[in-house]
Amino acid sequence: MLVEFDNISDEARVWIYQANRSFSEVELEEIKAKLSNFITQWTAHGSDLEAAFDIKYKRFIILAVDQEKQSATGCSIDASVHFIQQLEKEYNVDLMDKMNVSYKQGEYVAYKDLKAFRKMAKDRAVTGNTIVFNNLVATKAEFLENWEVPAKESWHGRFLN
């Protein structure tokens, strides 16, 4: 069952997929329609999942499931991963690589592989105050509070001098 992201429980489990590029306006509209359709049909052991999605900065897809109503199971999580992989193929974009870092440069969202981000930290091109996206958050509440954080407050901090 599709619900608005703002209305799903703060305890809902979230999965964040970051794209290696921004989506165009046309792509965003198509992806939103595909996400709505997927979530409307998304089930766990035959029961509808209360789920939501959001897209931030034209490049982050956030899926959320209210686990208190119906838990996402291995098969339902596999279905969501398969759906994301289909988006990757259809839009020629990388959404699954967790070894990349997104961070803010002013209002612009930059995307680097981990090796390049480490070098930038060493060269002080990014600092502890650089806003990074912590895609390891597990709940909607953590997403709202700890997704966009200074690098020194995230796992990214280990690369800073």
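Judged by the mean number of other Cβ atoms found within 10 Å, the most tightly packed of the peptides 47-56, 69-78, 104-113 leads the ranking 47-56, 69-78, 104-113. With Cα atoms defining each centre, the stretch 116-154 and the stretch 1-41 are spaced 22 Å apart in the structure.
The stretch 74-125 gives an Rg/Rh value of 1.13, both radii derived from C-alpha positions and Rh following Kirkwood.
Could you put 15, 42 in order of accessible surface area, largest first, with the 1.4 Å probe and the full protein assembly present?
15, 42
Assuming a viscosity of 1.567 mPa s and a temperature of 4 °C, what translational diffusion coefficient in µm² per second does Stokes-Einstein assign to the stretch 106-161, Rh being the Kirkwood radius over Cα pairs?
Values: Rh = 11.6 Å.
Translational D for this selection: 111 µm²/s.
For the stretch 1-146, the calculated P(r) over all alpha carbon pairs, in 10 Å bins from 0 to the bin holding the longest distance, is 11, 39, 34, 13, 3, 0 percent. Take every pair of alpha-carbon atoms less than 8 Å apart whose residues are at least six positions apart; their mean separation over the length of the stretch 25-118 yields a relative contact order of 18 percent. Each Lys or Arg adds one and each Asp or Glu subtracts one; over the other residues with Cβ under 10 Å from the Cβ of residue 2, this totals -3. Ligands, DNA and RNA excluded, the heavy atoms of residue 96 present near 60 Å² of accessible surface to a 1.4 Å solvent probe.
Calculated accessible area for the chain comes out at 53 Å² per residue, all protein chains present (probe 1.4 Å; ligands, DNA, RNA ignored). With contacts taken as Cα pairs under 8 Å and at least 6 residues apart, the chain reaches a relative contact order of 25 percent. Think of it as helices only: each DSSP H run of n ≥ 4 in the chain is worth -39500 (n - 2.57), and spread over all residues that comes to -10000 deg cm²/dmol at 222 nm.
May I ask you to give the percent of accessible area on the chain that is carbon plus sulfur, with a probe radius of 1.4 Å? Roughly 47 percent of what the probe reaches on the chain is carbon or sulfur. Computed over the stretch 1-66, the alpha-carbon pair-distance distribution with 10 angstrom bins reads 22, 52, 24, 2, each value a whole percent.
Rounded, prolate or oblate for the stretch 52-95? Axes are the square roots of the Cα gyration tensor eigenvalues, ordered a ≥ b ≥ c, and the cut-off for rounded is a/c under 1.5. Oblate is the answer for the stretch 52-95, as a/c is 1.5 or above yet b/c matches or exceeds a/b.
Ranking of 124, 21 by solvent-accessible surface, largest first: 124, 21 (1.4 Å probe, protein heavy atoms only, all chains present).
The values are calculated or read from the model by the stated rules, or taken from the named source; none is laboratory data. Being a predicted model, the structure only gives us computed values, none of them experimental. Note that each Cβ is placed from the backbone with ideal geometry, even for glycine, and that neighbours are counted across all protein chains shown. Ligands, DNA and RNA are excluded from the accessible area calculation, which covers all protein heavy atoms including side chains. Shrake-Rupley method; radii C 1.70, N 1.55, O 1.52, S 1.80 Å.
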